[in-house]
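The values are calculated or read from the model by the stated rules, or taken from the named source; none is laboratory data. This is a predicted model, so every value here is computed, not measured. Every residue, glycine among them, receives a Cβ derived from its backbone with ideal geometry; neighbour counts consider all protein chains shown. For accessibility, only protein heavy atoms count, side chains too; no ligands or nucleic acids. Shrake-Rupley method; radii C 1.70, N 1.55, O 1.52, S 1.80 Å.
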Amino acid sequence: MPSEPLISIVIPVKNEEATIPGLAAEIDAAFKTQSYAWEVVWVDDGSTDRSREIMRGLPAPHRFIAFDRNHGQSAAFIAGFRNARGTWVGTLDGDGQNDPADLPRQLARALETSVDMVNGIRAKRRDSLLRKISSRIANGVRNWLTGKSVQDVGCSTRVVRRTVVIDLPFFHGMHRFLPTLVQMRGGTIDEIPVNHRPRAGGASKYGLFNRVFAATRDLFGVRWLRSRNRVWRIADESKTR
């Protein structure tokens, strides 16, 4: 098995002591039969429970990095991407709602189709009615204002080329727009249905206010960024020795 991982799974964590052991075991089960090397990068986003202690006890290929304090999910994802060693990065939430078994399927789809990202579509949402409604509104508004990128922008189960995401413009809240930003920078995207489950523990970090109203400013910011974006390819260059 090669020493460098083909995929690094990045998982932001904030006070998820109840879900980390089970999620780690599920990841091990999903990837133990694969022929390629893999790793998991857990990112502790200012937890105040035993999350960091539990992550420290996970065996390789699990490893973790820890922030000095809470900086938000977007910062945690970007820090994980930049610390990852894989050619590809996969993303999961730390609450257990995403199924790790979907990531090998998404990676296989990406390798088969040569796209830059394979995003998930949560066909059967295991959320409250309020959260389903707010998510559907948020997806619709995001696609309307920033240009349609994928069907389920808010799904955290995805696989993407690491070289694509480490160069994306960073801002607080950018994790809500990852497919849009990837497409904006010229990346290609595919989608497949993925499993979605009830929370395995902990508490949601988002409510109606910060899921809908607090994201409005970011929506118009991404719309402006998209209008000013340029994607170039080098057509010719001088050869030096």
Checklist entry - residue 64's amide H: which non-local residues (gap 5+, or another chain) put their own amide H closer than 5 Å, with H modeled 1.01 Å from N in plane and none for Pro or chain starts? => result 42
Checklist entry - Distance in nm between label sites at residue 108 and residue 163, each 7 Å beyond Cα in the beta-carbon direction? => result 2.5
Item to check | HN-Hα J in Hz across segment 177-189 - Karplus 6.51, -1.76, 1.60, θ = phi - 60°, x for Gly and Pro | outcome: 10, 3, x, 4, 5, 4, 5, 4, 8, x, x, 9, 9
Checklist outcome for this item: PRE zone check, label point 7 Å out along Cα-to-Cβ of residue 172, amide N under 13 Å, scope segment 60-103, hits 70-76
Checklist outcome for this item: Phi angles of segment 77-85, converted by Karplus (6.51 cos²θ - 1.76 cosθ + 1.60, θ = phi - 60°) into ³J(HN,Hα) in whole Hz with x for Gly and Pro, give 4, 4, 4, x, 4, 6, 9, 6, 10
Checklist outcome for this item: accessible surface per residue for segment 5-120, probe 1.4 Å, DNA/RNA/ligands not counted, whole Å² -> 37
Checklist outcome for this item: Heavy-atom accessible area of segment 1-68 with neighbours in place, 1.4 angstrom probe: carbon+sulfur share in percent works out to 52
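Provide the net charge surrounding residue 34, with neighbours chosen by a C-beta distance below 13 Å and charges set as Lys +1, Arg +1, Asp -1, Glu -1.
0
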Checklist outcome for this item: Judged on accessible area alone, 1.4 Å probe, highest first, 190, 95 line up as 190, 95
Checklist entry - residue 195's amide H: which non-local residues (gap 5+, or another chain) put their own amide H closer than 5 Å, with H modeled 1.01 Å from N in plane and none for Pro or chain starts? => result 99
